[in-house]
Amino acid sequence: MLTPLLYDSHMHTPLCKHASGEPEDYAAVAEKRNLRGIVITCHSPHPGDNYDFRWRMSETQFDDYLALVDRASRAWAGRVDVLLGLECDYFPGHEPWLTRLLARGDFHYVLGSVHPDTEEYRAAYGDGRAKGTPYDREGALQLQRAYFGHLADAAESGLFDCLTHPDLVKNETAAEWQVERILDDIRAALDRIARTGIAMELNTSGLHKRIPEMLPGPAILAEIAARGIPMVLGSDSHDPGRVGADFERALDLLEAAGHRTVSVFRRHQRTDIPIPAARASLTPILAAAPALGHD
Ligand SMILES: [Zn+2]
Ligand SMILES: [Zn+2]
């Protein structure tokens, strides 16, 4: 077996109320996949405990979260590197609160995410239609433009190491998603993102969503490669069986889009790994469990 190189840098815990399995269970799958480590990145609390509270830990659980990851990290020391991370929603106005929250933990890696399906996001940036009503063309374009603008704002906030699932809005506006229609806005956002030095994620859970492709899709991956933005792999596992899921396919997609390396983070420091070496280090698994329907 070759020296493990890769991390799976996106996964959850039961504290977010829609994931199963303890961090130790995720580490056990990582060892089978010959991963060097995993980053636990559960959904962060947000101010007032009202924002999207059904899908995340409350602020009062934050210390439990730190202790949970620390416990797994100690249990697996020397075998699988279990790192403390967090998936934070970027929502305009929450930056000072998030800055204080992030100071409470010794994080290795912080994901910035924009979730266009939350009630709060829809109320602020959607066109007012009821949840579950598909967007028409105009409403979809409005939401897509807001989304990519906020991704760039998230990069410029300086709070995050990486932007996660960076075209998630396509699933919220699936009937009206045509990447060519919004490509000028995406290019402008990626120009801003590239200037900050932040990384972006290729999220393999997209294969199980409404538009069954990884996040982002191939056209955006190529635009990212053209700008030299580093890419990190994340399974976005909400159950242990998906740790490292579809990473070989993800590496193929990165290469096809023009990327030569894949990146991992530790202590907020990025290491770039040549894709062939990353691919050779993985131990194949026969089948991954299906993803849950949340991101
Ligand atoms: Zn997410
Ligand atoms: Zn989730």
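The values are calculated or read from the model by the stated rules, or taken from the named source; none is laboratory data. This structure is a prediction, so every number in the text was calculated from the model and none was measured. Neighbour counts run over all protein chains shown; Cβ positions are idealised from the backbone, glycine included. Ligands, DNA and RNA are stripped out before the accessible areas are found, and what is left, the full protein with its side chains, is counted by its heavy atoms. Shrake-Rupley method; radii C 1.70, N 1.55, O 1.52, S 1.80 Å.
At a glance:
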item	result
Extension gain from D184 to T133, taking 0.36 nm per residue of separation minus the Cα-Cα distance	15.7 nm
Cα centroid of region 262-284 to Cα centroid of region 206-228, whole Å	19
Distant-in-sequence amide H partners of V262 (H built 1.01 Å from N, under 5 Å)	I273, I275
Selection from A194, H94, V80 lying farthest towards where the dipole of region 7-281 points positive, charges on Cβ	V80
Among beta bridges that DSSP assigns inside the chain, antiparallel share in %, nearest 5	25
Per residue accessible area of region 158-210, 1.4 Å probe, in Å²	35
Long-range HN-HN contacts of N34 with modeled amide H, under 5 Å	T283
Region 7-281 - Rg (one decimal) and Dmax (whole number), Cα, Å	17.6, 53
T3 paired with L66, simple spin-label distance in nm, labels 7 Å along Cα-to-beta-carbon	3.3
Helical segments meeting 18 Å axial Cα length and Kyte-Doolittle -1.0 threshold in the chain (DSSP H)	62-75, 137-157, 179-196
Extreme residue, positive dipole direction of region 7-281, given options H10, Y125, N34 (C-beta unit charges)	N34
Surface share of carbon and sulfur [accessible, 1.4 angstrom probe, percent] for the chain	51
For D89, distant residues with modelled amide H under 5 Å away	S44, S113
